[in-house]
Amino acid sequence: MSGIAEVSLSSDTYNQTEIGKFPIDWEVGSLQDAATFGGGTTPPRKLYDKYYVSGVHPWVKTLDLNNGVIAVTEENVTDAALAETSLKKHPAGSVLIAMYGGFNQIGRTGLIAIDAAINQALVAVIPRKGKLVSEYLLYNFNYKVEYWKGVASSSRKDPNITSNDVKNYLLPLPTVNEQTAIANALSDVDALIRELEKLIAKKQAIKTATMQQLLTGRTRLPQFALREDGTPKGTKPSELGEIPEDWEVFTFADVISFLSSGATPYRGNKSFYKGAIRWITSGELNYCVINDTIEKISDEAVLKANLKIHPAGTFLMAITGLEAAGTRGACGIVGQPSATNQSCMAIYPNEKLMTQYLYFWYVYNGEELAFKYCQGTKQLSYTAGLIKKIPIYLPCDTGEQTAIATILSDMDEEIQALEQRLGKNRQIKQGMMQELLTGKTRLVRVQEP
């Protein structure tokens, strides 16, 4: 049997080329020497029924590119579209790259697993057999994404890359066997990353469903589900609908000791931003514990701006700019003592409400509440007065609040651990790409006993 082993080569086995050092047995040449190319178009939308409805031929747009394999497209086109426009289908295995469509889209890639047509913002690269492996080219493109953005932004009025840029792209070419080995090694890491992403999505869905059940009382934890006589607890009507019989409806005014918003120290005094005190802005409220901040401020800044240092465990919510997706419902927990800017509101509950329960309740309900209770014409915002009017129903027994929060916190920790694993695997992939696509580490076939 045979397998793949890694070997590192000495410096005298490399050649210096215009795009860097590569092994002496690798070629370096332009992409047009190893591939052919194709383009596409967008059939007229005004003839949508004719060119798109009931279409069976895959048609790839910029937004379909996922930097990986594309097996299904959002839209298909008809026989008429292929016959009456300049569209033609490119073979499975073609590698696509976005030439324009927004700076964040430029350089995005995809490898089509099916024969497909493309729109005019893409160029199709069809590798020549025996010269270039599709998967190897895809990883090479993805490794050089910043290169493409640099080309797009250099001396051009509208950022873009052209088909000639792609044709003249220089890349290192090991043998087809080595290209395949490199692509397979990176593909294995990609498969692990995809599995972790799926597992995280599944765990997040389970957490959301658990929040829906526990934070509404639809499902009770066993230790809180029965009356003293052993019979199951029921529900009762309220102004917010049916709620558990031993829960109550409050407003935030009933369950909060006090609120505290922050401020931004004067930007004209640079010394204010050379201190060691953490200073949280609303952009850092990312549904997590905030242990560090982008900016730090000085003791003098705290004094002059009349800021409060909030202790660890304080709940924060975003109160301005709530018309923007991603900001509505944004919240966090102070992990280390910190001050905040004016877009954050610190909430200190009284004895009726546990902070951890409030956090999960707001994660679940915050976005809907922003639409319902915030005010403003150009910018939706909360005020202290508006926050105090927000209704909340919750267990009167703070022990039940703590038990619910503990279950959800355990789920969060599991998800965070998986996300850390995912991050490490992405770093590993980047390191592997740097080693394998430059030939610093070689993959060679060895005999196994």
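For the reader, a short list of remarks on this structure follows.
- Proximity of backbone amide H atoms, modeled 1.01 Å from N, is registered between Asp115 and Ala92 at under 5 Å, excluding neighbours fewer than 5 places apart on the same chain.
- Within straight-line reach of Lys157, meaning a Cα separation under 25 Å, sit the following lysines at least 8 residues removed in sequence or on another chain: Lys61, Lys144, Lys149, Lys167.
- Calculated FRET efficiency for the pair Thr36/Leu170, C-beta based, R₀ 22 Å, to 0.05: 0.80
- (1) 1.10; (2) 1.07; (3) 0.96, with the label sought being that of the calculated Rg/Rh (Cα atoms, Kirkwood Rh): (2)
- Solvent-accessible surface (1.4 Å probe) assigned to Val133 amounts to roughly 20 Å².
- Percentage relative contact order, the range 341-403, counting C-alpha pairs under 8 Å, at least six apart: 37
- Residues whose amide H falls under 5 Å from that of Leu132, counting only those 5 or more places apart or on a different chain, are absent, with hydrogens built in the peptide plane.
- One decimal place: the segment Ser257-Ile193 gains 18.5 nm when fully extended, by the rule 0.36 nm per residue minus the C-alpha distance.
- Per-residue HN-Hα couplings for the range 401-407 [Karplus 6.51, -1.76, 1.60; θ = phi - 60°; Hz; x = Gly/Pro]: 4, 5, 5, 5, 4, 5, 4
- Degrees, to the nearest 10: 355-373 long Cα axis against longest axis of the chain: 80
- Over all other residues within a Cβ to Cβ distance under 14 Å of Gln427, the charged ones net out to +1, with Lys and Arg as +1 and Asp and Glu as -1.
- Charges were assigned to the Cβ only: +1 to each Lys and Arg, -1 to each Asp and Glu. The resulting dipole of the chain about its Cα centre is roughly 1200 debye.
- J(HN,Hα) series, the range 222-235, from Karplus relation 6.51 cos²θ - 1.76 cosθ + 1.60, nearest Hz, glycine and proline x: x, 6, 10, 8, 10, 6, 4, 7, x, 7, x, 6, x, 10
- Computed over the chain: relative contact order in percent, which uses C-alpha pairs under 8 Å that are six or more apart: 17
- Helix axis angle, 134-143 relative to the chain longest principal axis, alpha carbon, degrees: 50
- Take every pair of alpha-carbon atoms less than 8 Å apart whose residues are at least six positions apart; their mean separation over the length of the range 283-389 yields a relative contact order of 30 percent.
- Whole-Hz couplings from phi, Karplus 6.51/-1.76/1.60, listed for the range 304-316; x for Gly and Pro: 5, 8, 6, 8, 9, 8, 8, x, 4, x, 6, 8, 10
- Length gained on full extension, Leu240 to Gln16, computed as 0.36 nm times the residue gap minus the Cα-Cα distance: 73.4 nm.
- Calculated accessible area for the range 208-323 comes out at 54 Å² per residue, all protein chains present (probe 1.4 Å; ligands, DNA, RNA ignored).
- Between the Cα long axis of helix 176-214 and the first principal axis of the chain there is an angle of about 20°, rounded to the nearest 10.
- Cross-link pairs out of Lys131/Lys429; Lys203/Lys372; Lys207/Lys352 include none exceeding 31 Å in C-alpha to C-alpha distance.
- Amide H within-cut-off set for Ser261, under 5 Å, with H built and near neighbours excluded: Ala346
- Within the range 9-61: Cβ-based charge dipole about Cα centre, in debye rounded to nearest 20 (Lys, Arg +1; Asp, Glu -1): 700
The values are calculated or read from the model by the stated rules, or taken from the named source; none is laboratory data. Remember, predicted model here, so these are calculated numbers, not experimental data. We place every Cβ from the backbone using ideal geometry, glycine too, and count neighbours over all the protein chains shown. These accessible areas exclude ligands, DNA and RNA; they are computed on the full protein's heavy atoms, side chains included. Shrake-Rupley method; radii C 1.70, N 1.55, O 1.52, S 1.80 Å.
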